[in-house]
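Bear in mind that the values in this text are calculations on the coordinates, not laboratory data. This is a predicted model, so every value here is computed, not measured. Don't worry about glycine lacking a Cβ; one is built from the backbone with ideal geometry, like all the others, and counts go over all protein chains shown.
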Amino acid sequence: MTRQAARTGFETFVDDAITITAEEFSVSRALRQGVRGPGGAVVDRLLKNSDALWDRVVRPELDAYRDQILTQFDVVLDYVESDGGIDAYRDRLLAVDSYARALHDGVGRERQAAIHDSLVTRQQRLGDAVRPLVEAPEDDFWTALETAYDRERATALVEDHFAFTGPVREERDAYRMATTFDPADVVGGLGSLLGGLPTVEVEYTDEAIRSMRRAERAVITEAKREIGRRLG
């Protein structure tokens, strides 16, 4: 029994999705749609420094999202390799679930509990779906996939479990993705010359969904193409 094939394949798909998300994500759209607090002049200054904003704000957010997904998948693999049920891993799964963290303060207790149940069930289904990979003797993802699945099951695995935006698309009003930063960290010396700029909060939920949705579609399409080539 090996988890290496499942871990390697999943990490590759996540990395591809993050790369495409980064290419699709529009800093200007996120700023114009989601800035809270400062006026248009501050937004204009930030737009003129969009490369710095990307490096110091957006890229770290994407890196953190990637790390959370992979950390959570490691917990899923622990569940797959165990003899216990998913409830034993509930707290660990939710602690690193980016969507659980993105639930906004207005979500009531009952709805929050229901969403948490849904997020844990989602990870349980992912674990059950990749179990054949974990049980395959091969360490290479594609070799293990050819052993563990036929074309129909492999395609279902990709279509059902590599659509990362599912939870936030299904209940958009429950989520709020935002980040807060000091614009002086982006505009540099200009901030001190202006006597200090207010802290900026940017909500980027819609732009994240848009760019991530495009990314997951591209990754799923490419994975299905490779499945068709390998499994006929």
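How far, in degrees from 0 to 90, does helix 205-231 lean away from the longest principal axis of the Cα atoms of the chain, to the nearest 10? Result, in degrees: 30. The long axis of helix 151-161 is offset from the longest Cα principal axis of the chain by roughly 30 degrees. The label-point distance for residue 70 and residue 88, in a model that sets each label 7 Å from Cα toward Cβ, rounds to 2.6 nm. Listed options for semi-axes √(5λ) of the Cα gyration tensor in Å are [x] 31, 21, 16; [y] 32, 26, 17; [z] 37, 20, 15. The value calculated from this structure is the one marked [z].
For residue 177, nonlocal amide neighbours, meaning residues 5 or more places apart or on other chains whose placed amide H falls under 5 Å from its own, are 204, 205. In the chain, taking the dipole from charged Cβ atoms about the Cα centre, the farthest positive-side position among 35, 73, 127 is held by 35. To the nearest ten degrees, helix 59-81 and the longest principal axis of the Cα atoms of the chain are 20 degrees apart. Summing Lys and Arg as +1 and Asp and Glu as -1 over all other residues whose Cβ lies under 12 Å from the Cβ of residue 104 gives a net charge of 0. When each of the peptides 204-215, 50-61, 93-104 is scored by how many other beta carbons lie within 10 Å of its residues on average, the order from highest to lowest is 204-215, 93-104, 50-61.
Using Cβ point charges alone (K and R +1, D and E -1), the dipole size of the chain about the Cα centre works out to roughly 760 debye.
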